[in-house]
Structures are given as structure tokens and as C-alpha cells.
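Visitor: Before I ask anything, here is the structure I am working with.
The values are calculated or read from the model by the stated rules, or taken from the named source; none is laboratory data. What you see is a predicted model; the values in this text were computed from it and never measured. Neighbour counts run over all protein chains shown; Cβ positions are idealised from the backbone, glycine included.
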Ligand code: TRP
């Protein structure tokens, strides 16, 4: 029997290169080996966007298109919509008993986001509860593995705690989910920020056209201490070279550019132009596939409907086991 994976994204916009290296690339590799579930986490997205449902609705389609464009294969992977699997909400309620407010408050990802969103004073209850809801996303299919970016590690740790507590109280029901983080789990932003993110406005989107890609690369941050192309430059942590390492398949070209950069015999423009060509070539087949699906909205919709039905069937099975373990299977 194949082991199960669950991973996914909040539909709050189009996906970017950070998503690709942090998680999408792993999913594409793993979908052959594992029973793969990919959640479009609209309920979670609404926890901090409840006042903007149009954005979430529009992003749901964009995220689905991005998945299909990068090569997530709906005949192998089950792509589904969180809010259309009410078993997840049900499981969330029971999981709330398996953790504490203090434990969630210590979660570094939650802490970070609270600061970013200015929730330090008044935190919406729904947002605060999202780590518990994410545990339900993962455990509604009893996933063995979650391939995700490094920022998701505290969420997976929290999920394991909840599973352990549940198992201890009610008997062995859930697996202890492991995480799988890629080598490039945190791609820096164009501005040199440690994280590429929509809210920081420093992202290259998978759907960015060649023109936009070129513009963004030409404006990107490199070595701030290097003023002239003849100054020796720093390669380590230099965003342009981090991207070269991640996306330029021509390793000899990258090695040559690095060497010349350190000696001060290559300018930023050449480094960036070569990066543009590498990324443009990387994105071309993704754009082609996206265009294919954009022209077939009914097919995309059906993929989501079918995936959601499969995920729901699996979640219903889990809920039966949960109800039995918790002795609330009254009417069976
Ligand atoms: N929290 C994830 C993010 O912000 C999205 C997500 C929701 C997720 N449920 C998940 C990721 C389950 C992995 C597993 O990107």
C-alpha cells in the first residue's frame, strides 16, 4: 500500500517561485510514489481574509491553474477544496481538545504571522485556531508525510502533538506525520528579504510573462557593497546567485559567473541577463500548460469536483474511526 502525502496552499493569490522550490517541486516528484492529496485551503485563507471573500474565490482558480501548470497530475494527485470537505471542520472541533491555547501561542509561525498582521492585541479566534484546523487537514486523510516549506515545520510539529494526544486518550488512530522540507525551502525575495512573499511584494510569479520577468530580474537586489562591475563581489547569499543555483541548469555557466563575480570581471547585467534566460526557459513549459487549462475552465472545475469527492470519501472514513475511538458513534 502506498503511503499518503497531504500538502497544500492558502488561495490568497497566484503561486510564486518560492512555492515552487519550497514545496511544488517535491510534490511533482512524490506524486508517483505516494497517494497524494493537495488541499486548496480556502477556510484557512479566510481566517485572515474573511472580509475579502472575492479574493479567496478568485485565487482558488489561480492556485488550481498553477498546480496543473507545474505538472501536478490530477490522475495521480487528488486536488481538493478545504471548505467542501466539512469533515475537516468536524475534526477541528475535536482536535481543539487535544491542545492548549498556550501551545498554539508558542507556535513560531503563528507568532510571526500575528506580528505581521498586527494581531498582537486582538486576535480573531478563527485565525488563532488555524494550526488546529491544519492538523485536521493533514489527519483527515491520516497523511504520513507533508512536503512543505520550512515555515510549515511548527505546524507539522503541532499536528504530531495532536495525533499523539488523541492516540494516547482514545487509542491508536492517527499516524505521526513527518515533514519533508526541500534544500531550497526558503527562496529569498527579489529585495533580498529572507522570504519570497506576496505581502512583501518581492515575488516572481509562476505566471509572470517574459516581459515582467525581465523587469523584475533587472531590478533585483544583488551585492549592496559592490558599486562598480570591477569591484570584487560576494556570491554567498547574493539573491541573483541563489536563483542561478536554484534554476539555471547550466552549472558550468553558473560556476564561471561566480568566479568572475568574485574577481570583479563580470557586471550585474550579464549575471542578470543569463538568469533571465534560465528562468524564462524554466517558465516556458509552465506557461504553455497554464494556457492549455485556462482555455478549459470546465475541465479544471471538474478536476476540483472529482478531487474533492475523493478527499471527502477518505475523510468520512477517518471520521468513522474517530467517532468510534471517541465513543460518539451513537447511531451506527
Ligand atoms: N499553511 C499553509 C500555508 O500557509 C497551507 C496549508 C493548509 C497546508 N493546510 C495545509 C500546508 C496542510 C500543508 C499541509 O501555505
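Visitor: If I ask for residues that are within 10 Å of the ligand (Cβ to nearest atom) and in a loop (DSSP other than H, G, I, E, B), which ones from segment 16-47 would you list?
Guide: 41
Visitor: So which helices (runs of 4 or more DSSP H) are wholly in segment 143-251 and hold at least 2 residues that are within 16 Å of the ligand (Cβ to nearest atom) and either surrounded by fewer than 19 Cβ atoms within 10 Å (Cβ to Cβ) or under 23 Å from the mean Cα position of the chain (by Cα) (or both)? Break it down stepwise before answering.
Guide: Working: elements: 153-170, 210-219, 239-247.
The qualifying helices (runs of 4 or more DSSP H) are 153-170.
Visitor: Kindly indicate whether residue 139 is within 12 Å of the ligand (Cβ to nearest atom), closer than 14 Å to residue 8 by Cβ and more than 17 Å from the chain's Cα centre (by Cα).
Guide: So residue 139 passes the test.
Visitor: I need the full set of residues from segment 69-111 which are crowded, with 22+ Cβ neighbours inside 10 Å and under 20 Å from residue 22 (Cβ atoms), in order please.
Guide: Correct list: 69, 77, 79, 82.
Visitor: Can you say whether residue 63 is buried (at least 19 other Cβ atoms within 10 Å of the Cβ) and touching a helix residue (DSSP H, G or I) at 6+ places or on another chain (Cβ under 6 Å), as far as the supplied structure shows? Working first, answer last.
Guide: Values: buried (at least 19 other Cβ atoms within 10 Å of the Cβ): yes; touching a helix residue (DSSP H, G or I) at 6+ places or on another chain (Cβ under 6 Å): no.
Considered against the rule, which asks whether it is buried (at least 19 other Cβ atoms within 10 Å of the Cβ) and touching a helix residue (DSSP H, G or I) at 6+ places or on another chain (Cβ under 6 Å), residue 63 comes out as no.
Visitor: Right, another one. Would you please name the residue that is nearest to the ligand (Cβ to nearest atom), looking only at residues in segment 1-15 that are surrounded by fewer than 24 Cβ atoms within 10 Å (Cβ to Cβ) and assigned to a loop (DSSP other than H, G, I, E, B)?
Guide: 10
Visitor: Residue 53 passes all but one of (1) in contact with a helix residue (DSSP H, G or I) (Cβ under 9 Å, 6 or more places away or on another chain); (2) touching a residue at least 12 places away in the same chain (Cβ under 8 Å); (3) more than 10 Å from the ligand (Cβ to nearest atom); which number fails?
Guide: (2)
Visitor: Then there's this: Here are the criteria: (1) more than 13 Å from the ligand (Cβ to nearest atom); (2) more than 18 Å from residue 4 (Cα to Cα); (3) part of a helix (DSSP H, G or I). Tell me which single one residue 133 does not satisfy.
Guide: Looking at each condition in turn, residue 133 falls short on (1).
Visitor: Where residues in segment 56-68 are more than 15 Å from the chain's Cα centre (by Cα) and away from the ligand (no atom under 15 Å from the Cβ), which of them is nearest to residue 198 (Cα to Cα)?
Guide: Among residues in segment 56-68 that are more than 15 Å from the chain's Cα centre (by Cα) and away from the ligand (no atom under 15 Å from the Cβ), the one nearest to residue 198 (Cα to Cα) is 58.
Visitor: Among the residues of segment 164-175, how many are in contact (Cβ under 8 Å) with a residue 60 or more places away in the chain and over 11 Å from residue 325 (Cβ atoms)?
Guide: Number satisfying all stated conditions: 1.
Visitor: Now a separate question. Of the numbered conditions (1) modelled with pLDDT of 95 or more; (2) surrounded by fewer than 18 Cβ atoms within 10 Å (Cβ to Cβ), residue 135 satisfies every one except a single condition; which is it?
Guide: So residue 135 meets the others, but not (2).
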